[in-house]
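See structure below.
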Amino acid sequence: MKPSTLFCTFDIRNLYTMLPQEEALDILVEFLHMHSYRKVKGIPLDSIRKLASIVLKENVFVYDNKIYQQTTGGAMDSSFTLTLANIFMWKWQREFVRRQDISGEFFGRYIDDIFMTWNRSEHELRKLLDQANQWYPNIKLDYKISQSLPFLDVLATNNHGILSTAVYHKPNAEPYVIPFCSDHPRHVFVNIIQTLLTRAVRYSSTFETFNYERRSIKLMLLYNGYSSSFIDQQFHKFFNEFIYATSILSFIENEQQFILLRQEILGQPTPSQSQAASRAATADVDNDQIDVTAETTSRESVAKIQKEPINYTDRLIVHYTHEKRLEPFKRNMHRVYQNVSKNTPAMDLRLIVGNRNRRDAKNELIRKRPKRSLLQCKQIQNKYKKMLKRRKQNKKSVSTNVQTNNT
């Protein structure tokens, strides 16, 4: 990287809801062809396109007691929309990647967020980005160009030819995490601190930057009601996993320790990377491809990562919804089970008591599906009501006639 190197970040405006549907479906088939697929799980590509078309185009929603059909893009919460958007961007970014490869520049993308370097004039870069805005009528990008830019939650800076990074906090972000007084299991609070520290180490390129972020984390936790002793305990636990420290202070003390810690953590895959690797290893199983060798290799790699099945016949699993007032529930449950099952075959079963978190307010308050009355045709409803009304009238007339005859 040169002292004059520019950074550019841009994202696609409302990508999920602005995808051109027909073009996206064509790109999906092209993507599968490009990777030598003729069938996926035994399903031909033309059938996959038809099924994808149904998922993409048959989306309806209710607003103000009216039913609307989505004609552009896909549903926001659909996992298929995310996958299709990624495949669409694979095709959209080709021209960018080609030019960046020729000039030896960096190009990286996370779904619809792109980061790239540029060593030519800023005018040429703006011209290229303006051209990209014309490739598809619906796809428009918003870009920023500078030597110091945020990308997702990382702040990247060109410091006289040296790349420095730090955790990026949005200017309007509030210093809030789950309050310590909230009704959550203890491991939730532990995971929050561990995650914040891991992110700080991964994103901070210097010990000074990390120390600033560490102090910010502690202040934020104190602000949200976490006790100082609990914070220090979790800090010690985090650092002692990687560096043997004799100091009673709950933080690393010098640049050398920080470098060792950062190298150790950067060498470990993140949970999302592990999940992606597992999915990639199993992706080719039962798919018809031209390259048989690749499929065989994939099957072998899948066999290696498969674990032995867990035998649940010797286990008794009990779950309950977590509440703070039920904190001793696990211990009491084990005690009761031991007393009741003593000297019985049930003693050979292993009791596992776990808890589930409460549903969040979003799931409790938001209605995902409209009322049934809105999903039914009003004409059919009216016809059905009239039919029921006629039946009632006929029954009344029959009963009246019967009564008259009896008299």
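Just so it is clear, none of the values below were taken in a lab; they were calculated from the coordinates. All of these numbers come straight from a predicted model, not from anything done at the bench. Using ideal geometry, Cβ is built from the backbone for each residue, glycine included, and neighbour counts are taken over all protein chains shown.
Here are some notes:
- Whole-Hz Karplus values for segment 91-108 come out as 6, 4, 7, 3, 5, 4, 4, 4, 5, 5, 5, 4, 8, x, 8, 9, 9, x Hz, taken residue by residue from phi with 6.51 cos²θ - 1.76 cosθ + 1.60 and θ = phi - 60°; glycine and proline positions read x.
- Summing Lys and Arg as +1 and Asp and Glu as -1 over all other residues whose Cβ lies under 12 Å from the Cβ of K2 gives a net charge of 0.
- Amide proton proximity set for K140, modelled H, under 5 Å, gap of 5+: R13
- For segment 144-271, the calculated P(r), taken from all Cα-Cα distances in 5 Å bins from zero up to the bin holding the longest distance, is 2, 9, 19, 22, 19, 15, 8, 4, 1, 0 percent.
- Amide H contacts for S204 (H built 1.01 Å from N in the peptide plane; partners 5 or more residues away or on another chain; cut-off under 5 Å): none found.
- Quarter of the Cα convex hull surface for segment 15-131, i.e. its orientation-mean projected area (nm²): 9.6
- Among C8, C181, the order by Cβ neighbours within 10 angstrom, fewest to most, reads C181, C8.
- Restricting segment 85-141 to chymotrypsin sites (Phe, Trp or Tyr not before Pro) that sit in a DSSP loop and have at most 13 other Cβ atoms within 10 Å of their own Cβ leaves F106, W135.
- Trypsin sites (Lys or Arg not before Pro) restricted to DSSP loop in segment 65-161 with at most 12 other C-beta within 10 Å: R120
- The E253 and L129 beta-carbon pair, evaluated with R₀ = 60 Å, returns a calculated FRET efficiency of approximately 0.85.
- Proxy reagent accessibility, fewest Cβ within 10 Å first, across D64, D112: D64, D112
- Straightening the chain between I352 and Q273 buys 25.5 nm, computed as 0.36 nm per residue apart minus the Cα-Cα spacing.
- Label-to-label distance, K396 versus R325, with points set 7 angstrom from Cα along the beta-carbon direction: 5.2 nm.
- Environment charge of L222, counting only residues whose C-beta is closer than 12 Å and scoring Lys/Arg +1, Asp/Glu -1: +1
- FRET efficiency for Y223 and T198, using Cβ-Cβ distance with R0 set to 22 Å, rounded to 0.05: 0.60
- J(HN,Hα) series, segment 164-171, from Karplus relation 6.51 cos²θ - 1.76 cosθ + 1.60, nearest Hz, glycine and proline x: 10, 10, 7, 5, 9, 10, 4, x
- Each Lys or Arg adds one and each Asp or Glu subtracts one; over the other residues with Cβ under 12 Å from the Cβ of R120, this totals +1.
- Pairs from K2/K218; K91/K144; K144/K237; K66/K396; K39/K66 whose Cα-Cα separation, in the structure shown, is over 31 Å: K2/K218; K144/K237; K66/K396; K39/K66
- Calculated FRET efficiency, K66 to N172, Cβ-Cβ distance, R0 = 41 Å: about 0.75 to the nearest 0.05.
- Amide H contacts under 5 Å for N59: Q70, restricted to partners 5 or more places along the chain or on a different chain, H placed in the peptide plane at 1.01 Å from N.
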